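Below is one structure, written out as structure tokens; the observations come after it.
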Amino acid sequence: MYDVAVIGGGAAGLTFSVMAKRQNPKLNILILEKNARVGKKLAVTGNGRCNITNTDLSASHFHGDREFAQKLIDKFGFMDTVGFFGSIGVLIKKEENGKCYPYSLQASSVVDALRFECDRLGVITLCENAVTEIIENKGYYTVKGNGNYTAKTVVFAAGGMSGMSKYGTDGSAYKLLKKHGLINPKPAIVQIKTENTLTRPLKGIKVYATVKIGSHTDFGEVLFCDYGLSGPPVLQLSRYAENGSTLYLDLMPEYTQNDIEKMIAERASLDREPSEFFTGMLNKRVGQTLIKMFGQDSKKLAQAIKNLPFTLCGNTGFVNAQTTHGGFDTKMIKEDTSSKIYKGVYIIGEALNVDGDCGGYNLQLAFASANAAAKSVSGYLK
Ligand SMILES: Cc1cc2nc3c(=O)[nH]c(=O)nc-3n(C[C@H](O)[C@H](O)[C@H](O)COP(=O)(O)OP(=O)(O)OC[C@H]3O[C@@H](n4cnc5c(N)ncnc54)[C@H](O)[C@@H]3O)c2cc1C
């Protein structure tokens, strides 16, 4: 009989196990992981560098049940993450926009440090062991994987659906807690598909632009793709992209439409070939495409540069998403992440109906929810 069976050896499950053992070294903890090794997704985060947290953890960076997220973060914030990882030998450094990374700049080193600490503390990890059923049995749980494992409590840390099928998270685990309310999971932090007459010819080109969807804006490098748009500001706003609505690019955010109209009128005196009209002002191919669409009408061109429209038609799906918007309904989950439906079951990490912006927020949520569960589980077992 185990004290705790942890379903999933990802960011949340591994962190929980270390934290819970530190709260109570006597706990007998078993991690069941579907993949051949733990932390497969964690090892590819941040383009292999692991954007582990952010110095700015204000509420606006969290989505879904933002209040629930904020309560978790209030109890386990930026300095707690730095302290926790410092205690397992991972030094953290800050880069641009408050984004923090391990000093090694290797996501694999974060996985290794967690793995080593789990081993040192005596956490038992069984890989290639996909859980297919959790059965309630007289106050205990039987967790079915390669064998039947009995535990007093279960920590559901099986993730959401991001990176679907690449990292072991395909959404099939939600059905392990059938009675639990689920808010429809949607891909977030994902490339956006648009009507592509404009994006396809510009495939591969990157521009700095402000991206606007409704009242939401973000600035940064935008990449034109054959299916639509990518790049950090596009990924960031993807959770607001509704089919049929319009995304606008402002290709010259520092200037007003009037400024641009004047610049275009002045350029006319340079007497250039139309194909070279914007040379030195815009990316050459972007400029050529605009001239093709609007001729040399300065008003229309200035309007297009400030508000280049793209009709939205979906996204590239869970396979490419970095997180899941939606998940187990937090209204049925207490602040310590224990389920109100299944007594003695905790739900942590991406499986919860909370998600964060790109920038270290999703891992911070995984750590903060792991902390809440770890603080509570020993008390529950007593
Ligand atoms: C490409 C990519 C890059 C990212 N980069 C960043 C970043 O830089 N910063 C950031 O904050 N966030 C990033 N994220 C998001 C972040 O990785 C996740 O939000 C985080 O890993 C969630 O942690 P988790 O433990 O809840 O889930 P996961 O890390 O997904 O772990 C869940 C684990 O459960 C296992 N599992 C699933 N079902 C079962 C089952 N039935 N039985 C047993 N085991 C099971 C899975 O195999 C997996 O190992 C990125 C995501 C992706 C896909």
Given the criteria touching a helix residue (DSSP H, G or I) at 6+ places or on another chain (Cβ under 6 Å) and under 23 Å from TYR103 (Cβ atoms), does PHE68 qualify? no
Which listed residue, of GLY327, GLY280, GLY287, is farther than 19 Å from THR197 by Cα and crowded, with 19+ Cβ neighbours inside 10 Å: GLY327
Only one of (1) open to solvent by 10 Å² or more (accessible area, probe 1.4 Å); (2) at pLDDT below 95; (3) in a loop (DSSP other than H, G, I, E, B) does not apply to THR199, and that is (1)
Right, ASN148: more than 30 Å from ASN320 (Cβ to Cβ) and either open to solvent by 70 Å² or more (accessible area, probe 1.4 Å) or among the basic types (Lys, Arg) (or both) or not? yes
Qualifying position, being in the same structural domain as GLY326 (by TED's automatic domain parsing) and more than 30 Å from TYR149 (Cβ to Cβ), among THR55, THR45: THR55
Looking at region 245-268, is at least one residue assigned to a helix (DSSP H, G or I), open to solvent by 30 Å² or more (accessible area, probe 1.4 Å), touching a Gly at 6+ places or on another chain (Cβ under 6 Å) and not aromatic (Phe, Trp, Tyr)? no
Condition first: within 30 Å of ARG200 (Cα to Cα) and surrounded by fewer than 23 Cβ atoms within 10 Å (Cβ to Cβ). Can you find one or more residues in region 338-357 that meet it? yes
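Yes/no matrix, rows are residues, columns are (1) more than 16 Å from the ligand (Cβ to nearest atom); (2) among the small types (Gly, Ala, Ser):
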{"residue": "LEU176", "(1), (2)": "no, no"}
{"residue": "LEU182", "(1), (2)": "no, no"}
{"residue": "LYS186", "(1), (2)": "no, no"}
{"residue": "THR197", "(1), (2)": "yes, no"}
{"residue": "ARG200", "(1), (2)": "yes, no"}
{"residue": "LYS206", "(1), (2)": "yes, no"}
{"residue": "GLY214", "(1), (2)": "yes, yes"}
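Yes/no matrix, rows are residues, columns are (1) buried (at least 17 other Cβ atoms within 10 Å of the Cβ); (2) in contact with a strand residue (DSSP E or B) (Cβ under 7 Å, 6 or more places away or on another chain); (3) in a strand (DSSP E or B):
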| position | (1), (2), (3) |
| --- | --- |
| PRO185 | yes, yes, yes |
| ALA209 | yes, yes, yes |
| LYS212 | yes, yes, yes |
| PHE219 | no, yes, yes |
| VAL222 | yes, yes, yes |
| ASP226 | no, no, no |
Region 106-169: strands (runs of 3 or more DSSP E) wholly inside it with 3 or more residues that are under 18 Å from ILE348 (Cα atoms) and more than 10 Å from the ligand (Cβ to nearest atom) are 148-156
Step by step: first the residues of region 1-38, then only those that are near the ligand (Cβ under 7 Å from one of its atoms) and in a loop (DSSP other than H, G, I, E, B), then the one that is nearest to the chain's Cα centre (by Cα). Which residue is that? GLY10
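The values are calculated or read from the model by the stated rules, or taken from the named source; none is laboratory data. All of these numbers come straight from a predicted model, not from anything done at the bench. All Cβ positions, even for glycine, are placed from backbone atoms using ideal geometry, and neighbour counts span all protein chains on display. Only protein heavy atoms, including side chains, enter the accessible area calculation; ligands, DNA and RNA are left aside. Shrake-Rupley method; radii C 1.70, N 1.55, O 1.52, S 1.80 Å.
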